[in-house]
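Working notes, structure below.
The values are calculated or read from the model by the stated rules, or taken from the named source; none is laboratory data. In this text the structure is predicted, and so the values were computed from the model without any measurement. Here Cβ is always computed from backbone atoms with ideal geometry, including for glycine, and neighbour counts include all displayed protein chains. What goes into the accessible areas is simple: the full protein's heavy atoms, side chains included, and nothing from ligands, DNA or RNA. Shrake-Rupley method; radii C 1.70, N 1.55, O 1.52, S 1.80 Å.
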Amino acid sequence: GVLSLWCRPPAWDRATRPPHSPLQPPGLPLAPCRSFSNNKIQVELDESSGVAMMKFKSPPVNSLSLEFLTEFSISLEKLENNRACRGVIITSAVPKIFSSGLDITEMSGKSVEHYTEFWKAVQEMWLRLYGSSMVTVAAVNGSSPAGGCLIALSCDYRIMAEDPKFGIGLNEAQLGIVAPFWFKDTFVNVVGHRTAERSLQLGSLHPAPEAHKLGLVDELVPEEKLMEKAAAVMAQWLALPDHARQLTKTMMRKTVLDRLVAHREEDIKNFVTFVSKESIQKSLRMYMEMLKKRK
Amino acid sequence: GVLSLWCRPPAWDRATRPPHSPLQPPGLPLAPCRSFSNNKIQVELDESSGVAMMKFKSPPVNSLSLEFLTEFSISLEKLENNRACRGVIITSAVPKIFSSGLDITEMSGKSVEHYTEFWKAVQEMWLRLYGSSMVTVAAVNGSSPAGGCLIALSCDYRIMAEDPKFGIGLNEAQLGIVAPFWFKDTFVNVVGHRTAERSLQLGSLHPAPEAHKLGLVDELVPEEKLMEKAAAVMAQWLALPDHARQLTKTMMRKTVLDRLVAHREEDIKNFVTFVSKESIQKSLRMYMEMLKKRK
Amino acid sequence: GVLSLWCRPPAWDRATRPPHSPLQPPGLPLAPCRSFSNNKIQVELDESSGVAMMKFKSPPVNSLSLEFLTEFSISLEKLENNRACRGVIITSAVPKIFSSGLDITEMSGKSVEHYTEFWKAVQEMWLRLYGSSMVTVAAVNGSSPAGGCLIALSCDYRIMAEDPKFGIGLNEAQLGIVAPFWFKDTFVNVVGHRTAERSLQLGSLHPAPEAHKLGLVDELVPEEKLMEKAAAVMAQWLALPDHARQLTKTMMRKTVLDRLVAHREEDIKNFVTFVSKESIQKSLRMYMEMLKKRK
């Protein structure tokens, strides 16, 4: 029930580490500093602050391929299990783009098995990120449509470069597809029902200033100040005792996380059926052609 | 469940027409242009744009009588079933009033059978409008209390003439009556819980500028620009592929629509019991007397 | 179900008094004027207006001890049962502090039986206040952290002295403890999900101007105008017929009230288990030491 939050570790924290004592900073004998980099994502943990920097480096647009999503989930899991890590700043190493969202090539001309595996990876990434027991700050240093926006929405705090050429939003409707219910739930939790209803139906990609006005991002700063600001925000969040903050986060997000967990198979099946339709395949092919011509 | 949204037509779309292809404009061989006018509502469909104009013309105040509601539902059904129609702009042909809300004479001194039939018609109207698969834009060109406000709230977008003499709100409490739970749900989805709680308890009729500030209406324009603006907004919404937009709309509104469907009989019974009380009948008679004296 | 609101008295109104007639002011042959004062709270009822003034007078900080909470619940019950009383203004007789929240000494070094009794009193107070059929206005004339903030959030309207030195918020996380789910529900109903998520995790104590901006309080006025303003707001709310207003209030708050009622025992058990932990006891002792040194 709703009440078992008082004394349990966050349901979404796979780690078994004991939480830091409420009024004490985390103990000093920490795991050694770690920096790991895979193909798509670079991660550096600053042991002294307990903050990891996670940089998307999958040019040209950090699209969320199966490989990217898998690396993302594994990176989050590693950090979650590392007692030295209390927070993650997520940003992009690719200029002008945070992430372009789900990789359309993974949804086009592939097998049912592939679609299934891909969608599981999307779900897994979101469950880990939205349910993370770490403090998560998105430093949105470029455009962030669709799945890219979902990543930002799933963090605890969103700072965006104030450049109005950068857009953010769940703009799936523009491609003729529908954001899944848990994208919508995450969105509603951030901007409320009315803004979500309008933005999702119009498939809006909001310029940074508009996104800030709608509450989709919490703060705008000049791009050159983005990382400095992200570090300051992270320090503010880490000033709180981890355990109480984690339980509070779980209390706020549990309903929405539980909904996907309860309907995971159904959600996969719906995605696979949808994406397997010839009409959708045709739309996606047209869209990819258009993208190629743009270059 | 919540998930079956991906591939189904909207639950509230009674039409069996195949949805327009996601990235293509609707096919050209459309049904012939239709203009129909009943006693209370005039409807004109512009075949080239796919947009119907629906004008309330039931002077003096477009009150929602049984006859009006029935015509309204039938008009919506006709348009919903017409493949040539993709959107509806709702406005008033009566100066200074959009709609005064439920017709009190239908609730006063009538039989239980009449109250039952009347309330069914109110429910039916809302289920059709709030659940419409068409784009619905309210061009609120006058005051819009109670049921009139519900009509505006049930559209996808609300533009109001900026005249501060025009008021809008669910002001039922001022008459000593309570807005039904589905009026409240619709209101909360637009303005949020806190604003709804305060506004409903005070029975507020918000002047246009205040309504805009609260998010009750999306935009204010000078009255002479209202139709032009409504057409522009409609064009913006129709630029999106119908199918994805419709599924998204259903996803956002299904919970609230389902709640009335699940409790329809109970809601009718509650209304009939309430309105049959002598204390309520007395209040309504006093209110009608007051209205007569005002003239 | 959700529908039984039309014709029932509010579920949370323990009084059996017949509601005032919708369009008539309450009858004149009222109970005699009452002024009662216990150890901690002073109550004065103005028979002519139907408004009670409730003043917290438990220096130094109006902390919510078991005795305070019991007096508060009894006072609310007395007023609720008094037909002459239609509204309550809640304020503090102690300078600079509205209420400091739950009394930590009640949670430290006591028996399981004591913790149980204490938590029941906290629940009882909130159920009476949030579910009160009277109009409740908080005149917040000082700081109002944690449980003090809950009291303000549970009223129908919050006016705060505009002094930026006064802070308000559910800042439990700062002490390493987690606000219970029904504190959270009450908060979300006022400020929405996003603001609540951030504020609760950071344990923010918002200065009055920020609290106003977030919607946590409805209005700021200079401290010397606070009571005048509270009386004016009360008069505005009392201008509405009681019965419709009460049913509307119940409709808005029932879901959240019902959730605690359904989980009361579980909530007590969770609190007692939590507070009995040595780590929490240690935190609370450290906190109390810190408070002593400050003096």
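Residue-wise test of (1) out of contact with any Lys or Arg (no Cβ under 9 Å at 6 or more places or on another chain); (2) within 24 Å of residue A:185 (Cα to Cα); (3) open to solvent by less than 40 Å² (accessible area, probe 1.4 Å).
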| residue | (1), (2), (3) |
| --- | --- |
| A:65 | no, yes, yes |
| A:82 | no, no, yes |
| A:98 | yes, yes, yes |
| A:130 | no, yes, yes |
| A:164 | yes, no, no |
Single residue of the stretch C:166-181 satisfying the filter (more than 20 Å from the chain's Cα centre (by Cα) and open to solvent by 10 Å² or more (accessible area, probe 1.4 Å)) that is modelled with the highest pLDDT: C:174
Output for the stretch A:253-272, where each listed residue is open to solvent by 10 Å² or more (accessible area, probe 1.4 Å), within 7 Å of another protein chain (Cβ to nearest Cβ) and either modelled with pLDDT under 95 or not in a loop (DSSP other than H, G, I, E, B) (or both): A:259, A:266, A:270
Criterion violated by residue C:294 - all others in (1) over 23 Å from residue C:103 (Cβ atoms); (2) at pLDDT below 95 satisfied: (1)
Residue match in the stretch B:157-165 (condition: small (Gly, Ala, Ser) and modelled with pLDDT of 95 or more): yes
Single match in C:173, C:146, C:161 (criterion: hydrophobic (A, V, I, L, M, F, W, C), away from chain A (no Cβ under 14 Å) and within 17 Å of residue C:100 (Cα to Cα)): C:161
Residue A:282 being within 14 Å of chain B (Cβ to nearest Cβ), surrounded by fewer than 21 Cβ atoms within 10 Å (Cβ to Cβ) and in contact with a Ser or Thr (Cβ under 9 Å, 6 or more places away or on another chain): yes
Candidates A:140, A:122, filtered to the one that is surrounded by 22 or more Cβ atoms within 10 Å (Cβ to Cβ), without any contact (Cβ under 8 Å) to a residue 60 or more places away in the chain and either touching a strand residue (DSSP E or B) at 6+ places or on another chain (Cβ under 7 Å) or hydroxyl-bearing (Ser, Thr, Tyr) (or both): A:122
Conditions (1) in contact with a Leu (Cβ under 8 Å, 6 or more places away or on another chain); (2) assigned to a helix (DSSP H, G or I): number failed by residue C:240: (2)
Members of the stretch C:182-231 that are under 18 Å from the mean Cα position of the chain (by Cα), more than 15 Å from residue C:169 (Cβ to Cβ) and not in a helix (DSSP H, G or I): C:218, C:219
Residue B:221, sole failed condition from (1) closer than 27 Å to residue B:195 by Cβ; (2) open to solvent by less than 60 Å² (accessible area, probe 1.4 Å); (3) more than 9 Å from every other protein chain (Cβ to nearest Cβ); (4) touching a Ser or Thr at 6+ places or on another chain (Cβ under 9 Å): (4)
Any hit, the stretch C:108-116, residues being of a type in the set (A, V, I, L, M, F, W, C), at pLDDT 95 or above and either crowded, with 16+ Cβ neighbours inside 10 Å or under 27 Å from residue C:235 (Cβ atoms) (or both): no
Number of positions in the stretch C:182-218 that are among the hydrophobic types (A, V, I, L, M, F, W, C), open to solvent by 10 Å² or more (accessible area, probe 1.4 Å) and within 10 Å of another protein chain (Cβ to nearest Cβ): 4
Count - residues of the stretch A:234-250 that are open to solvent by 10 Å² or more (accessible area, probe 1.4 Å), in contact (Cβ under 8 Å) with a residue 40 or more places away in the chain and either facing another protein chain (nearest Cβ under 7 Å) or touching a strand residue (DSSP E or B) at 6+ places or on another chain (Cβ under 6 Å) (or both): 3
